[in-house]
Every structure is written in structure tokens, then in C-alpha cells.
Amino acid sequence: MSKMDEFHSATDHAAKSIYWRLLFTAWLIACVSTLGALFFSEVMLRTPCVLCWYQRIFMFPLVFVLGVGLLPFDPRSVRYAVPLAVTGWGFALYHCLLYMGFIPKSLQPCTQGISCAEVKLELFSFVTIPLLSLLAFTLIIALLWAVRKGTKQ
């Protein structure tokens with residue numbers, strides 16, 4: 001193997017390592033979000049509203065999809081994770097806008113049971129559960145975008 005081949009092999013390995021770390025970070029965010037959602041509902045006994053359930057539907061599978069893409073590293077897993085993350089992001093954005101009053105309560109999907117517009121938990125006077133979900137989905141999408149862009153050939 002020539003010096004140039006060794007250089008390209010080392011550079012490819014270093015790049016692969018960076019993208020693996022980005023994918024791992026996205027997986028870690030999905031894990032923390034999933035455990036947080038389960039903590040709120042199972043330990044704190046806070047019943048999730050309809051929009052929270054939809055966000056969970058798109059967050060929980062990310063743990064498995066991204067986990068499968070890690071061992072061994074397979075950047076193609078991003079193509080399966082992106083639609084889940086973007087759809088979950090859309091539900092989280094809608095939920096945040098409903099919380100903030102930009103969307104009238106007459107357009108909320110929660111007509112019976114737990115209200116989607118009622119603030120159930122607020123940290124630091126502005127951080128709500130839907131905002132945490134929106135931030136998690138946003139970070140996951142950004143990380144997946146970086147992996148996809150960097151591993152395209």
C-alpha cells in the first residue's frame with residue numbers, strides 16, 4: 001500500500017468516526033427523550049394528551065432505527081430516521097404554537113380528555129414539554145442532516 005493509499009484510508013476512518021459520533025448523539029437524544037416521556041407519564045403520572053402521543057409515536061422508533069445504524073455504522077439508516085424526525089417535529093411545532101396561543105383552541109385535536117393547550121409543566125417560566133420535544137427533534141434532524149451530507153458519495 002502506498003503512502004497516498006494509507007493517507008486516504010486514515011482520512012476515511014477519521015471521517016467515518018465523526019459521522020458515527022453524530023449518529024450516536026442523535027440516538028442519545030432520542031433515548032433521553034424517550035426515557036423523559038416515560039418518566040413524565042409513568043413516574044410523575046402525567047397523562048399525555050393526543051399531540052404528546054403523536055410525538056411519542058415518532059420519537060420512540062428513532063431509538064431503534066438509529067441504534068441499528070450504529071452497530072455496524074450504516075449511514076443509510078438516516079433515510080429511515082429523517083421522515084420520523086421531521087413528522088415528529090411538525091407535531092411538536094404545532095403543539096408549541098397551540099401552547100403559545102398562536103393557534104386557536106378551537107383547532108386543537110384534543111376535544112375530550114386531556115387538553116393539548118393546557119400547560120402541565122413549565123421549567124424556568126418558559127420551557128414546556130412540547131418545547132423540549134421540539135428542541136429534541138430539531139437537534140436530531142440537524143445531526144441526521146450532517147451525517148447525510150457528509151456521507152454522500
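Values in this text are rule-based calculations from the coordinates and carry no lab data. Owing to the predicted nature of the structure, the values given are computational and were not obtained by experimental measurement. Here the Cβ positions follow ideal geometry from the backbone for every residue, glycine too, while neighbour counts run over all protein chains shown.
Can you give me the distance in nm between label points at Ala14 and Leu107, each placed 7 Å from the Cα along the Cα-to-Cβ direction?
Each label point lies 7 Å from its Cα, and together they span 5.0 nm.
Once label points are set 7 Å from the Cα along Cα→Cβ at both Trp145 and Thr47, what is their separation, rounded to one decimal in nm?
3.8
Starting from the Cα-Cα distance between Leu97 and Leu71, subtract it from 0.36 nm times their residue separation and give me the gain in nm to one decimal.
5.6 nm
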